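Take a look at the structure set out below.
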Amino acid sequence: MVSLLKSKPVVLLSAVGTGVGAVLLFREYYVGGCRYDEDKKLDGKLVVITGANTGLGRAAAKEFATKGASVIMACRDLTKCRRVRAEIMTQTRNKRVVCEELDLASLESIRNFAARINESVKQIDILVNNAGVMRCPKLLTKDGFEMQLGVNHLGKCACTLFYTYRS
């Protein structure tokens, strides 16, 4: 065992990391931390979710709709978004779910999205910046940024700021 630890520092670091993670998990679960209130209603709240037609964004959209919130599904592909929206509305019986076009790889699309939202709503109560790309080939956004940086960081920041700083 000692020779394994000497020859493989990664094993030691992994063991330490696992131990620290276990302690933190125990502390969160048994001592306290943020608790999810599954009975809390969100009637009258407006939720905007980017990338809401698949994965975690889709699950979040369904959960917020179940809790009674108005949900704006901000997606790049409106055809897929409308299909998922119909499913969510059927499953949750919440008719306050809408699709809006948003491509985080385009500052023009982000600007247009923010303008439409700023015109139509007084305030956003919850913004879920979920959309993102991963393991994509080396591509550039429409504005010349590396795709992952542009979508996962700059696009989300721009989306938040264009809404926040209304002009």
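If you take the residues in the stretch 1-42 that are exposed (fewer than 10 other Cβ atoms within 10 Å of the Cβ) and within 30 Å of Ile117 (Cβ to Cβ), which one is modelled with the lowest pLDDT?
Only one residue fits best here, namely Cys34.
Condition check ((1) in contact (Cβ under 8 Å) with a residue 40 or more places away in the chain; (2) among the charged types (D, E, K, R)) across all residues:
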| site | (1), (2) |
| --- | --- |
| Asp125 | yes, yes |
| Lys138 | no, yes |
| Lys142 | no, yes |
| Leu149 | no, no |
| His153 | no, no |
| Ala158 | yes, no |
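Check Ala131, Ala105, Ala114 and return the single one that is assigned to a loop (DSSP other than H, G, I, E, B), crowded, with 20+ Cβ neighbours inside 10 Å and modelled with pLDDT under 95.
Result of the check over Ala131, Ala105, Ala114: Ala131.
Being of a type outside the set (A, V, I, L, M, F, W, C) and surrounded by 15 or more Cβ atoms within 10 Å (Cβ to Cβ) is true for just one of Gly144, Gly55, Gly150. Which residue is that?
Residue meeting the stated conditions: Gly150.
The values are calculated or read from the model by the stated rules, or taken from the named source; none is laboratory data. Note that the structure is a prediction, hence the values are computed from the model and not measured. Please note: Cβ atoms are built from the backbone with ideal geometry, for glycine as well, and neighbour counts cover all protein chains shown.
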